[in-house]
1. For Gln36 and Met126, compute 0.36 nm times the residue count separating them, minus their Cα-Cα distance, and round to one decimal in nm.
2. Per-residue HN-Hα couplings for the stretch 222-230, Karplus 6.51 cos²θ - 1.76 cosθ + 1.60 at θ = phi - 60°, whole Hz, x for Gly and Pro?
3. Hey, what do the phi angles of the stretch 126-137 turn into as Karplus ³J(HN,Hα) couplings, whole Hz, using 6.51/-1.76/1.60 and θ = phi - 60°, x for Gly and Pro?
4. Rank the residues Phe117, Phe83 as a footprinting-exposure proxy: fewest other Cβ atoms within 10 Å of their Cβ go first.
Amino acid sequence: MRAYRLLAHSRAFFLASLLVVAPLCLCLSAVPAAAQMPVDLELILAVDVSGSVDPDEAKLQRNGYVQALLNPKVQAAIRGGPFGRVAATYVEWAGESHQHVVVAWTELSDPVSVERFAAMVAEAPMMTEQWTSISAAIDYAVPLFENNGFEGMRRVIDISGDGENNRGRPVEEARDAAVARGITINGLPILNDRPNPWGGAAPNDLEGYYRDHVIGGPGAFLVPARDFDAFADAILSKLLLEVSGVQPVGRGRDLAAR
């Protein structure tokens, strides 16, 4: 009899526990996931720091991005979208195993936030590495869009570099995988006749290579820089197009074949 009573009490306790826990579980399941901030654009600035880019050229690249971000035209374009803000992160890459986030995802919506982001880009330490893997850079960049705290109307990877893919899987495979996820890849090839200090020859037609193998997705385009000294002007033009969402015309549009 005593055992029967203990069993009855245990069942009653179990049922009472269910009555308490079940509503709690329902409440927890009803809590929505953390809302992501809506932005006009999620932009990954992916910058080549492979061995073919010497320290002076690396500084020119960095300074080009900083100057473009601080340009009043770019800041006006940022504020001119439906939400009046974009999200950006700055990534540097080289060989198959060398990619790192220099500045994490940041909301850019006013001069203060843009200047802070530009300052972090300018002040970060520089690292270079041998080899050039555009495909690994794309593969590294794609997951960065997930759970970044932002929900963009457009997602763009902005690839700048001075060489062809020479490590990792074929760049076309990485490009196509990114495009299949609704991501656009734009290009900024830096045309440079100087031989690679690691012994490699300069690319014959880097502009054509980027056009045929790198860029892809809705409205994809490239803006070539004739050399590192012209990089600042090229990145300014490119950022204005990317932030504003305006489709390039003329030469830029002709290069957007995908």
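Read-outs: derived from the displayed coordinates by stated rules, not from any lab. Keep in mind the model is a prediction, meaning the values are calculated, not measured. Note that each Cβ is placed from the backbone with ideal geometry, even for glycine, and that neighbours are counted across all protein chains shown.
1. 29.3 nm
2. Result, rounded to whole Hz: 9, 10, x, 10, 5, 6, 5, 5, 8.
3. Per residue, the Karplus-derived 3J(HN,Hα) values read 9, 9, 10, 8, 6, 6, 9, 10, 5, 5, 5, 5 Hz.
4. Neighbour counts put them in this order, fewest first: Phe83, Phe117.
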